[in-house]
Amino acid sequence: MRILCLDIPAPGASLEKYAPHLNAEALHAWGLYKSGFIRDIYFRQDRPGVAIFLECDSVDEAMSVMAEFPLAKAGLLSFECIPLGSFINWENLFAAEFKS
């Protein structure tokens, strides 16, 4: 299952508080990428933060995986994990009124 994980900074979190954890954070993310859990990772453009696409069996598994990030363990952020499914509305293109 593809799951979109969006970071939620803790109240009072700042880049200064993140700094001591950033190397460990990157190494942890790299390990998850190599293992196939992380499929894509992006910097957000609306604010500092990340959007991570995971491949997991469930939202509970995704929450467990994300809770192991050093910044999450330090209480500086958490994640919203959103399950995604295939876009099946393509079938509408093949409905009788669209056939010519």
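The values are calculated or read from the model by the stated rules, or taken from the named source; none is laboratory data. It should be emphasised that the depicted structure is a prediction, and the values quoted were computed from it without experimental measurement. Cβ: placed from backbone, ideal geometry, glycine included. Neighbour counts: every protein chain shown. These area figures cover heavy atoms from the full protein model, side chains too; ligands, DNA and RNA do not enter into them. Shrake-Rupley method; radii C 1.70, N 1.55, O 1.52, S 1.80 Å.
If the condition is being of a type outside the set (Lys, Arg) and closer than 21 Å to GLY75 by Cβ, then region 32-50 contributes LEU32, PRO48, GLY49, VAL50.
Any residue in region 69-89 that is modelled with pLDDT under 95 and outside any loop (DSSP other than H, G, I, E, B)?
At the first step, the residues of region 69-89 found to be modelled with pLDDT under 95 are 85-89.
From what's left, outside any loop (DSSP other than H, G, I, E, B): 88-89.
Yes: one or more hits.
Restricting region 25-59 to residues that are among the hydroxyl-bearing types (Ser, Thr, Tyr) and loosely packed, with under 11 Cβ neighbours inside 10 Å, the residue that is farthest from the chain's Cα centre (by Cα) is SER35.
Considering only residues in region 2-24 that are without any contact (Cβ under 8 Å) to a residue 60 or more places away in the chain and farther than 18 Å from SER78 by Cβ, the one that is least open to solvent (accessible area, probe 1.4 Å) turns out to be ALA19. Selection within region 68-84: residues that are loosely packed, with under 15 Cβ neighbours inside 10 Å and touching a residue at least 40 places away in the same chain (Cβ under 8 Å). The member of this set that is nearest to PRO11 (Cα to Cα) is GLY75.
All conditions but one from (1) at pLDDT 95 or above; (2) loosely packed, with under 12 Cβ neighbours inside 10 Å; (3) β-branched (Val, Ile, Thr) apply to VAL65; the one that does not is (2).
Is it true that some residue in region 48-55 is closer than 13 Å to ARG2 by Cβ, touching a residue at least 40 places away in the same chain (Cβ under 8 Å) and out of contact with any Asp or Glu (no Cβ under 9 Å at 6 or more places or on another chain)? Looking through region 48-55, at least one residue is closer than 13 Å to ARG2 by Cβ, touching a residue at least 40 places away in the same chain (Cβ under 8 Å) and out of contact with any Asp or Glu (no Cβ under 9 Å at 6 or more places or on another chain).
Selection of region 85-97 for residues being of a type in the set (Gly, Ala, Ser) and open to solvent by 100 Å² or more (accessible area, probe 1.4 Å) yields only SER86.
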